[in-house]
Amino acid sequence: MNVSRAGTAVFFGLLVACFSAGTALAQADAGGDREFLTFQVENDLFANVTNTDRHYTNGLQAAWLSRPQKNLPDWLADFSSPPFYSLLFPTGNFDRKSHRIGVALGHAIFTPEDTATPFYQPNDRPYAAWLHMTFSLQSVRSSTITGEAWQDQWKLDLGVVGPAAQGEFVQNEWHSLIGADDANGWDNQIENEFGANLSFERAWRSSTFDTPAVLGLQTDFIPYTILSLGNVQTYAGLGGTFRLGFSLPDDFGPTRIYPGVGGSEWFEPQAEGCNCYLFAGVEGRAVGRDIFLDGNTFRDSPSIDKRHFVYDAKLGAVFVLWNARVSFTHVFRSREYEGQPKPDQFGSISVNFAM
């Protein structure tokens, strides 16, 4: 336990160091745009309005995104947009480019449906926790003539699953604080394992996907694709977000934590008033590996047979007030493993600050 807590302390120390270094780098970029801080929480409580824990039960993330970086090495700027993607998807004619770097600290908790029993439940998903840092390179390419834009994001997740991720401590300390019962089955969680995941995501805003006005309100549709490879999660995904509002901003919508697909941490601040809109979306994922269901990679651990195709449907609202953006997303997730009694629901709350 002391080793696990030391690992947690190291991760928090690294986050502070990266925030400090990143802030200094951003401030050195004179004339740059805003940087952004994002705080997110996801929990099944927000969707069910009951004090229960089931499956993906809680996610937390704090993230920093820099101002546009003008001194990136050429190889990194070129790497930001993989050439093979231009073979699969249409290439735009862009006259503006922006590159940002980011860092985040995240924590996720997964439990079976019955958290009262201390015994192993072979027919439900295992207990698991994931503590990780995410290093990102985000590039936006846009056209001042057509309004078309691409957002490309590379993300590298490095962290740990198992007891070292402190899932039992986080969940039961929180339960003690709010007067809820402890989860008693954490002795049956997956074992310690270092996790590394690399993902690439592309989102579009294009006249190809123009949508008509509805009741005098603006609409748009933002499709995206993602590829993820690693011992934590390996999958390919395709999705899209439909937005409806009085004046839709030129960003890519709100973000999520698990999996962190679609949206942008940056947004357009408001000089006055509120820029508000509603959104809905759907996303499908072909899953090759999910450590939270498959169990550990190189050793025996609790596991369950996963489903290889999973989809999410989402509904939500966004409010941009001055230098802050607040969003709420209600997520409906299909069954993730064989024998799962019913699909899951959870809520996601995100607060972004332009600095």
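Here, each number is a calculation from the coordinates, and none is a lab measurement. Computed from a prediction, not measured in an experiment: that's the story for all the values here. For neighbour counting, all protein chains shown are included, and Cβ atoms are generated from backbone atoms with ideal geometry for every residue, glycine included.
Summary of computed values
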{"item": "Among 247, 132, 180 the positive-end extreme of the charge dipole of the chain (Cβ point charges)", "result": "247"}
{"item": "Neighbour cut-off at most 15 other Cβ (10 Å), DSSP loop, chymotrypsin sites (Phe, Trp or Tyr not before Pro), region 84-188", "result": "119, 120"}
{"item": "Most mobile of 288, 147, 316 in a GNM of the chain (Cα contacts under 10 Å)", "result": "147"}
{"item": "On Cα atoms only, tilt of 2-28 relative to the major axis of the chain in degrees", "result": "10"}
{"item": "Sites residue 144 and residue 33 - FRET efficiency at Förster radius 22 Å, r taken between beta-carbons, to 0.05", "result": "0.90"}
{"item": "On Cα atoms only, tilt of 167-178 relative to the major axis of the chain in degrees", "result": "90"}
{"item": "Full-extension gain in nm, residue 309 to residue 349, via 0.36 nm per residue minus C-alpha separation", "result": "11.8 nm"}
{"item": "Estimated dipole of the chain in Debye, rounded to 20 [Cβ of Lys and Arg +1, of Asp and Glu -1, Cα centre]", "result": "700"}
{"item": "The chain - percent relative contact order, Cα under 8 Å, separation 6 or more", "result": "16"}
{"item": "Rg to Rh, two decimals, where region 225-298 supplies the alpha carbon set and Rh follows Kirkwood", "result": "1.12"}
{"item": "Per-selection Rg to Rh, the chain - Cα, Kirkwood hydrodynamic radius", "result": "0.96"}
{"item": "14 Å beta-carbon shell around residue 294, net charge (K/R +1, D/E -1)", "result": "-2"}
